[in-house]
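Asker: One structure is given below, represented as C-alpha cells, and several questions about it will come after.
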Amino acid sequence: MSKKIIIAIDGFSSTGKSTIAKLLAKKYNYIYVDTGAMYRAVSLFAKQNNFVGKEFLHKDKLINNLDNITLSFQFNKELGFAEMFLNGQNVEKEIRTLEVSQLVSKVAAISEIRKKLVAEQQKMGENSGIVMDGRDIGTVVFPEAELKLFMTASADKRATRRYKELIDRGEKVKFEEILFNVEERDRIDSTREDSPLMKAVDAIEFDNSDMGIDEQFERICALVDRKILE
Ligand code: DC
C-alpha cells in the first residue's frame, strides 16, 4: 500500500517548479498549491489599493488590511489546475504580469503577510497528498515534508523561459527587464530577514539549466515512488 506524502518544491524564480508540481499532482492525484500565486494575489491587492508601487510600500496600511484579503484556489477542469481567486475574483491573469512580478518580493518580505499565508498553507497540507511549490516550503511551511526538492538553473535560462511565457501571453516586455527582474527577485527573496529562500539541508537539488522536462520528471517520479513505498 502506498502512502500519501508531502512534496515540497523550492527554488529560484522561473526554474520550472510549477510545471513539475502540476505534472506530479496529476500523476499521483495530489493537490497542487502554488504559494507564489498567494503572494502575488496579496501584491495585486496592495497595488489596487495603492499600498505598493515601484517606489513605495505603505507596509502598515497593508498590514491593517490583511483581514480584507481572502484567497482561495478553485480547480479549473479544462486547465487541469486550480486558479487563484482574490476576494471572489479570478485573478489568475493579473497576478502573472511583469508589474506584479516587480512588486511581489517587497510584499513577500513582510512578516505579518508571511504569517497569514504560511498558516493557510499548513492547513491545506493537513491531510498530506500535496505538492506545494514556493521559496520556504521545505524550510518553514513543511519542515517535516517527506520529499524536498530544490530547483536551480542559470539566470539566463530562467529569464529566457519567463520571457517566452510573457510574450506568448501577449505582454510587451524586453528580455533585459525580465532578466533584471529574475535576478532582483532572487536577491530580495534570498536576503530577506524572514524565511529567506534557501535550500533545506535535506532537500535534493536539481539544476535544470540543461535538463529537459521529461528527464527531470522521470528522475523526480523515481524519488516520489521510493518515498511512498517506504
Ligand atoms: O513562485 P513565484 O515566482 O510565482 O513567486 C512570486 C514571489 O513570491 C517570489 O519572488 C517570492 C514570493 N514567494 C515567497 O516569498 N514565498 C513563497 N513560498 C512563494 C513565493
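Bear in mind these aren't lab numbers, they're just calculated from the coordinates by the rules spelled out. These figures come from a predicted structure and were not determined experimentally. No Cβ is skipped: glycine too gets one built from the backbone with ideal geometry, and neighbour counts run over all protein chains shown.
Asker: Let me know the charge dipole size of the chain about its Cα centre in debye, to the nearest 20, where only the beta-carbon of Lys, Arg (+1) and Asp, Glu (-1) is charged.
Answerer: Details: 36 positive and 38 negative charges, 75 e Å.
Using only the charged Cβ atoms, the result is roughly 360 debye.
Asker: Take LYS123 and ILE63, extend 7 Å from each Cα along the Cα→Cβ direction, and tell me the distance between the two endpoints in nm.
Answerer: 2.2 nm
Asker: Also, I was wondering about something else. DSSP loop (so not H, G, I, E, B), at most 13 other Cβ within 10 Å: list which GluC sites (Glu not before Pro) in the stretch 59-143 pass both filters. Don't skip to the answer; put the middle values down first.
Answerer: Values: sites: GLU78, GLU83, GLU92, GLU94, GLU99, GLU112, GLU120, GLU126; in loops: GLU78, GLU92, GLU126.
Taking the stretch 59-143 and a limit of 13 other Cβ atoms within 10 Å, the loop GluC sites (Glu not before Pro) found are GLU78, GLU126.
Asker: D for the stretch 80-227, whole µm²/s, Stokes-Einstein with Kirkwood Rh over alpha-carbon pairs at 10 °C and 1.306 mPa s: what number? Please report the intermediate quantities before stating the final value.
Answerer: Details: Rh = 17.2 Å.
D, rounded to a whole number, is 92 µm²/s.
Asker: Next question. Please work out how much length the chain gains when fully extended from ASN49 to GLU99, using 0.36 nm per residue of separation minus the C-alpha to C-alpha distance, in nm with one decimal. Mind dumping the intermediate values first?
Answerer: Values: separation 50, 0.36 × 50 = 18.00 nm, distance 1.46 nm.
My answer for the length gained is 16.5 nm.
Asker: Report, in whole Å, the centroid distance computed from the Cα atoms of the stretch 21-88 and the stretch 187-228.
Answerer: 22 Å
Asker: Over the stretch 37-150, what relative contact order in percent results from Cα pairs under 8 Å that are six or more residues apart?
Answerer: Details: 97 pairs, mean separation 28.0, N = 114.
Taking the mean separation of contacting Cα pairs over the length of the stretch 37-150, I get 25 percent.
Asker: Taking the simple approach of a point 7 Å from Cα along Cα-to-Cβ for both THR70 and SER209, what is their distance in nm?
Answerer: In this crude spin-label approximation the distance works out to 4.7 nm.
Asker: What's the center-to-center distance, using Cα atoms, between the stretch 149-174 and the stretch 96-120 in Å?
Answerer: 20 Å
Asker: Please compare each pair in LYS106/LYS157; LYS123/LYS199; LYS106/LYS172; LYS27/LYS164; LYS47/LYS164; LYS17/LYS148 to a cut-off of 18 Å on the Cα-Cα distance and tell me which ones are over it. Don't jump to the answer; show the numbers that get you there.
Answerer: Working: LYS106/LYS157 24 Å; LYS123/LYS199 23 Å; LYS106/LYS172 23 Å; LYS27/LYS164 26 Å; LYS47/LYS164 25 Å; LYS17/LYS148 12 Å.
In this structure, LYS106/LYS157; LYS123/LYS199; LYS106/LYS172; LYS27/LYS164; LYS47/LYS164 exceed 18 Å between Cα atoms.
Asker: Rank by packing, highest mean first: peptides 207-220, 181-194, 19-32, with packing defined as the count of other Cβ atoms within 10 Å averaged across residues.
Answerer: Working: 207-220: 13.5, 181-194: 16.4, 19-32: 18.2.
So the peptides 207-220, 181-194, 19-32, ranked by packing, come out 19-32, 181-194, 207-220.
Asker: Using helices alone, what [θ] at 222 nm do you get for the chain, with -39,500 (n - 2.57) per DSSP H run of 4 or more residues, divided over all residues and rounded to the nearest 500?
Answerer: Details: 8 runs with 105 residues, N = 230.
Roughly -14500 deg cm²/dmol at 222 nm, from the helical runs in the chain.
Asker: Pick out, in residue order, every one of the trypsin sites (Lys or Arg not before Pro) in the stretch 113-182 that is DSSP loop and has at most 13 other C-beta atoms within 10 Å; say none if there are none.
Answerer: Qualifying residues, ordered by number: ARG169, LYS172, LYS174.
Asker: Toward the positive end of the charge dipole of the chain, about the Cα centre and with charges on Cβ (Lys, Arg +1; Asp, Glu -1), which of THR191, VAL131, LEU62 goes farthest?
Answerer: It is LEU62, whose Cα lies furthest towards the positive end.
Asker: Aspartates and glutamates within cross-link reach of LYS4: Cα-Cα under 15 Å, excluding same-chain residues under 8 positions apart?
Answerer: Qualifying aspartates and glutamates at Cα under 15 Å: GLU126, GLU144, GLU146, ASP225, GLU230.
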